[in-house]
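Data block below; observations after.
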Amino acid sequence: MTNPLRVLISADLEGVSGIVHVVETNPGGYDYERGRALMTAEVNAAVAGVLEAEPGADVSVADAHGTFRNLLPEELDRRVRLVRGKPRPLGMMAGLEAGVDAVLFIGYHARAGAGPGVLAHTISDAVLDVRLHGESVGEIGLNAALAGHFGVPVVLGSGDDAACAELGALVPDAVTVEVKRALGQAAAETLHPQEARDLIRRSAAEAIRRRDQVPPVSTSGPVETEIDLYGPYTVDLATLVPGVSRAPGGRTVTFTGRDILEAYRLIQLVVQLGQIKPG
Ligand SMILES: [Zn+2]
């Protein structure tokens with residue numbers, strides 16, 4: 001017997017069809033309950049596509065938005081395992097460490113400053129930009145690089161046109177699924193959710209069938225990292241962490257990760273510090 005194909009679905013919410021406003025993505029906000037149901041349904045569509053192409057696949061889903069507690073566990077396809085809650089070392093990509101053959105991004109969004117992109121940002125509003133070796137990256141770039149560290153390709157991404165363009169530039173062979181067209185940070189022309197799910201299911205099956213044609217993003221050597229932060233106080237806090245220094249200009253911190261894994265963990269920590277107000 002051969003080992004089953006192992007698939008990780010990393011699920012965000014801003015890039016789900018129908019979603020355009022931040023309150024729809026925040027617990028307690030108007031229509032958040034609808035947003036998480038739409039998110040869960042798109043993940044289920046991806047699961048259906050994966051299992052259509054590879055019936056014996058072992059599928060893990062990482063809830064990767066905000067609190068990491070958005071997907072409705074009881075509504076999720078029962079053939080998957082759900083990774084829920086935070087913090088966790090691999091953040092949005094939890095599950096990679098267990099060994100994975102292919103990654104799918106569902107409900108993803110463009111990086112901070114890449115507008116027009118629906119709810120375009122990089123991890124949190126505390127962050128103005130993240131650069132690896134001087135190149136701006138968003139969650140798509142960071143998470144694809146982390147997958148690459150484990151030798152895993154990102155075979156599919158769904159979201160608005162800006163998110164699809166971002167993944168397409170980085171991984172030209174990945175399948176992209178455009179479920180809405182950005183008209184601004186909080187406006188889009190969106191597909192009907194059912195239409196989006198059909199498209200995601202078909203595309204996920206296609207992506208799994210042609211996974212061998214998609215190379216992992218290569219990440220070798222130490223990773224020079226810069227983060228531009230919204231709050232100078234966050235810069236003060238971040239520079240308390242050994243190895244993190246302040247760059248000229250007052251809004252930027254820099255550090256060199258031994259590899260992308262170390263850089264990724266430190267980026268998560270620095271972003272988390274952005275939640276702390278002056279005491
Ligand atoms: Zn999100």
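Failed condition for Arg131, given (1) under 26 Å from Gly95 (Cβ atoms); (2) open to solvent by 10 Å² or more (accessible area, probe 1.4 Å), with all others met?
Result: Arg131 fails condition (1) only.
Within region 134-154, how many residues are charged (D, E, K, R) and in a strand (DSSP E or B)?
Of the residues in that region, 1 qualify.
Across region 32-55, which residue is nearest to Asp198 (Cα to Cα) among those that are open to solvent by 20 Å² or more (accessible area, probe 1.4 Å) and within 15 Å of the ligand (Cβ to nearest atom)?
Only one residue fits best here, namely Leu38.
Just to be sure I understand the filter: pairs with C-beta atoms under 9 Å, separated by 6 or more residues or on different chains, first member in region 131-156 and hydroxyl-bearing (Ser, Thr, Tyr), second member not in a strand (DSSP E or B). Which pairs pass?
Ser136/Arg111; Ser136/Ala112; Ser136/Gly113; Ser136/Ala114
Within the group Asp173, Asp160, which residue is within 26 Å of Asn26 (Cβ to Cβ) and not aromatic (Phe, Trp, Tyr)?
Checking each option against the conditions leaves just Asp160.
Looking at the structure I just gave you, is Gly85 touching a helix residue (DSSP H, G or I) at 6+ places or on another chain (Cβ under 8 Å), open to solvent by 10 Å² or more (accessible area, probe 1.4 Å) and within 16 Å of the ligand (Cβ to nearest atom)? Walk me through how you get there before you give the answer.
Values: touching a helix residue (DSSP H, G or I) at 6+ places or on another chain (Cβ under 8 Å): no; open to solvent by 10 Å² or more (accessible area, probe 1.4 Å): yes; within 16 Å of the ligand (Cβ to nearest atom): yes.
The answer is no for Gly85.
Answer yes or no: is there a residue in region 116-127 that is open to solvent by 10 Å² or more (accessible area, probe 1.4 Å), under 25 Å from Gly274 (Cα atoms), away from the ligand (no atom under 16 Å from the Cβ) and among the acidic types (Asp, Glu).
no
Among the residues of region 153-170, are any away from the ligand (no atom under 16 Å from the Cβ), open to solvent by 40 Å² or more (accessible area, probe 1.4 Å) and under 19 Å from Val16 (Cβ atoms)?
Yes; the residues of region 153-170 include at least one that is away from the ligand (no atom under 16 Å from the Cβ), open to solvent by 40 Å² or more (accessible area, probe 1.4 Å) and under 19 Å from Val16 (Cβ atoms).
What tally of residues in region 69-82 results from selecting those that are within 15 Å of the ligand (Cβ to nearest atom) and either among the acidic types (Asp, Glu) or crowded, with 19+ Cβ neighbours inside 10 Å (or both)?
The number of residues fulfilling the criteria is 2.
Are there any pairs, at least 6 apart or on different chains, whose C-beta atoms fall under 7 Å, with the first in region 11-29 and open to solvent by less than 10 Å² (accessible area, probe 1.4 Å) and the second within 10 Å of the ligand (Cβ to nearest atom) and aromatic (Phe, Trp, Tyr), and if so, which?
Once the first residue is open to solvent by less than 10 Å² (accessible area, probe 1.4 Å) and sits in region 11-29, its partners that are within 10 Å of the ligand (Cβ to nearest atom) and aromatic (Phe, Trp, Tyr) give Asp12/Tyr108; Gly15/Tyr108.
Those residues that are hydrophobic (A, V, I, L, M, F, W, C), open to solvent by 10 Å² or more (accessible area, probe 1.4 Å) and either over 27 Å from Arg211 (Cβ atoms) or not in a loop (DSSP other than H, G, I, E, B) (or both), I need them from region 95-111; list them, please.
Ala98, the sole residue that qualifies.
Which numbered condition in (1) open to solvent by less than 30 Å² (accessible area, probe 1.4 Å); (2) at pLDDT 95 or above; (3) of a type outside the set (D, E, K, R) is the only one that Ala186 fails?
Of (1) open to solvent by less than 30 Å² (accessible area, probe 1.4 Å); (2) at pLDDT 95 or above; (3) of a type outside the set (D, E, K, R), only one is false for Ala186: (1).
So which residues in region 56-68 are open to solvent by 10 Å² or more (accessible area, probe 1.4 Å) and more than 12 Å from the ligand (Cβ to nearest atom), if there are any at all?
Those that are open to solvent by 10 Å² or more (accessible area, probe 1.4 Å) and more than 12 Å from the ligand (Cβ to nearest atom): Gly56, Ala57, Asp58, Ser60.
Name the single residue that is nearest to the chain's Cα centre (by Cα) among those in region 190-231 being assigned to a loop (DSSP other than H, G, I, E, B) and either small (Gly, Ala, Ser) or at positive phi (or both).
Ser218
Among (1) in contact (Cβ under 8 Å) with a residue 24 or more places away in the chain; (2) farther than 18 Å from Ser124 by Cβ, there is one condition Ile267 misses while meeting the rest; what is its number?
With respect to (1) in contact (Cβ under 8 Å) with a residue 24 or more places away in the chain; (2) farther than 18 Å from Ser124 by Cβ, Ile267 is out only on (2).
Could you please tell me which pairs satisfy a Cβ distance under 8 Å, a separation of 6+ or placement on different chains, a first residue in region 87-111 that is within 13 Å of Val155 (Cβ to Cβ), and a second residue that is assigned to a loop (DSSP other than H, G, I, E, B) and of a type in the set (Gly, Ala, Ser)?
Ile106/Gly15
The values are calculated or read from the model by the stated rules, or taken from the named source; none is laboratory data. Quick caveat: nothing in here was measured; it's all calculated off a predicted structure. Note: ideal-geometry Cβ built from the backbone for every residue, glycine included; neighbour counts use all protein chains shown. We work out accessible area using only protein heavy atoms, side chains counted, and drop any ligands, DNA or RNA first. Shrake-Rupley method; radii C 1.70, N 1.55, O 1.52, S 1.80 Å.
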